[in-house]
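What follows is a single structure, written as structure tokens, with notes after it.
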Amino acid sequence: MAERVEQRLEDRIPELEQLERVGLFTRAETRAVFRKASALEYKIQRRALRKEDFIKYIQYEINLLELIKKRRARIGYSFKKDEIEHSILHRVHSLFNRATGKWKDDVQLWLSHVAFCKQWNAKHQLSKVFSTMLAVHSNKPALWIMAAKWEMETQLSSESARHLFLRALRFHPECPKLYQEYFRMELMNAEKQRKEKKEFEKAKMDLGEFNYSDEILNGEMARIVYRDATQKIKGVEFQLAVLSIAKLFDFTQDLQKEILENLQGSFAGDPLMWDHLARRMPEPGMPEPGMPQPSERRPKQRKVAALACREQRCCAVFDEAVRAVPTEDMWKCYITFCLERYKRKTNSEELKQKRLERTLSVFNRAHESSLLPEALYKQWLQLLLESSLSEKAVEVAEAATSRFSLSVDMWQMRLQVLIQLQREEVTQCFEEAVKHIKSKGSLPLWTLWVEWSEGANSKEDTQALYQRSLHATTPAESVTMKEMYLDWTYRNGGYKKVKRAFASLCENRPFSLDFFRKMIQIEKEQESCKMLHLREYYERALREFGSTDTDLWLDYIKEELSHPQGKPENCGSIHWRAMKMLQGDLVEEFISKYTLLQTGHL
């Protein structure tokens, strides 16, 4: 091992001498580099190799390259690169090759090598890296796409990119992303050749030696890719993705038409197809049949009219869609479109009002068809309340709970509307809600009810409601209600009442740690805080959580040490009990924290 290390270090000497000779590094700096390199070399020559050692060595060499680059720029010296940088680059590539050979499954290591090659323009080396990486990770389509893009965009080799895509499709014959990028590459190649041909024709050059196929120029290769893909990949999402790619190129009108015809023919019952069809109406400013000429209206009015006309045409397509495909998903697409248009800013009050009326109308139609999704009722109510249509909001909220009578969210939404509008039937609605909703999952309703009652009802009614909620919720959910009840009792009844409430609540499990901590905090807020009471609360808490919480033991110890009535001699027994009660790794964690406490660092 030592001989190999010494040989590698000797190979470094010429470049270090050159660095010193040309004035990029001082003698002290070259010696420091040599010492650091020696230490790093020995680490990567051990029997038990570690990936971290290779990464540190590579990072050190990259930092060295960056430093040399900055020194060159500072003193304006650009010679001797073959003797200096070239040998360092060769060493980094060698290190990457050893590391990726040892840890082949680490994709991030391969990608780091790729990034290094791109940064230092090592094209020949990068080609080798891609070849080796794809042989190892042929199951990752993203790596094939990365390699093909590099061939196409950097190497300007459409043939190599096409070859890589074809190889990738042999491994992943049903990968939508691969087909999409292959389709894009063929269109990019066609566009590049069209531009080249145009420039040659503009310069009146003879195209005899250049072979520009009309099929490639018109995107026929992309059409072949698309047709092959549709035989293997079913689904409207892929068709829409390919169509969006084709729209980026101005010579693909025929191809777009074919994709659109396939969409309409094969996916007539898919909401996404109709959604796309409706949204592809011409943008404002494009000529529309029957639209007024520029001279007939002022520019702003003309723009608003064109926008309104476009939205109306989109909605006409959506209207046809919900008749053809009467599903919740189709109505959701329609409503989403209307909401997007409504939220767009406009200075025209007339257009804004028209958008609002259209959106509310679509919501209502979907509701009447019993096809409005549960999640959209909330948006409908928000829109109604923002538009000051409170009576309609109450009506819609009631209809939502009738349709989704077992949905906690729907009842919660209805109750929030009634509370916001300060209606008298809030209590009646709460009673109706808890009749429909089972105890499991009803916690949001009870928390909302008691929070409302605190501000609307008497203390006696609120206390009775809290007592009722403790029995109505499941044991796991009642924990939250206990915490809220304890807090409310302290705020409204004082210390004596909260002590009685705490004693009463402790009769029924389960508890939460916050429940005990809240009571401990209340005790500490009293002027005559008694350690006897604190010990009782800590002991109760430890009986429930002593095996899983180290901080509780430490807080107990701190209390004995800092409280005027505390007994520091109890700390030893508390520590002994903690060691016996804590489980697994918590024992070591407790020991560490206890040591910090003893030294005054906690």
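The values are calculated or read from the model by the stated rules, or taken from the named source; none is laboratory data. In this text, all values refer to a predicted model and were calculated from it rather than measured experimentally. Quick reminder, even Gly has a Cβ in these numbers, built from the backbone with ideal geometry, and neighbours come from all protein chains shown. Remember, those area values only see protein heavy atoms, side chains included, never the ligands or the DNA or RNA. Shrake-Rupley method; radii C 1.70, N 1.55, O 1.52, S 1.80 Å.
Table for the structure above
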| read-out | value |
| --- | --- |
| 579, 413, 205, reordered so the largest accessible area comes first (probe 1.4 Å) | 205, 579, 413 |
| Efficiency of FRET between residue 59 and residue 118 - r from beta-carbon atoms, R0 25 angstrom, step 0.05 | 0.90 |
| Rounded percent of accessible protein surface that carbon and sulfur make up, the chain, 1.4 Å probe | 50 |
| Inter-probe distance in nm under a simple model that places probes 7 Å from Cα toward Cβ, at residue 395 and residue 174 | 5.0 |
| Check: the chain dipole with +1 on Lys, Arg Cβ and -1 on Asp, Glu Cβ, in debye | 1540 |
| Probe 1.4 Å, protein heavy atoms only - accessible area per residue of the chain in square angstrom | 56 |
| Dipole-positive endmost among 595, 522, 84 within the chain (Cβ charges, Cα centre) | 84 |
| Segments 553-560, 215-222, 103-110 sorted - mean Cβ within 10 Å per residue, highest first | 553-560, 215-222, 103-110 |
| Distance from the range 300-360 to the range 1-49 (C-alpha centre basis), Å | 70 |
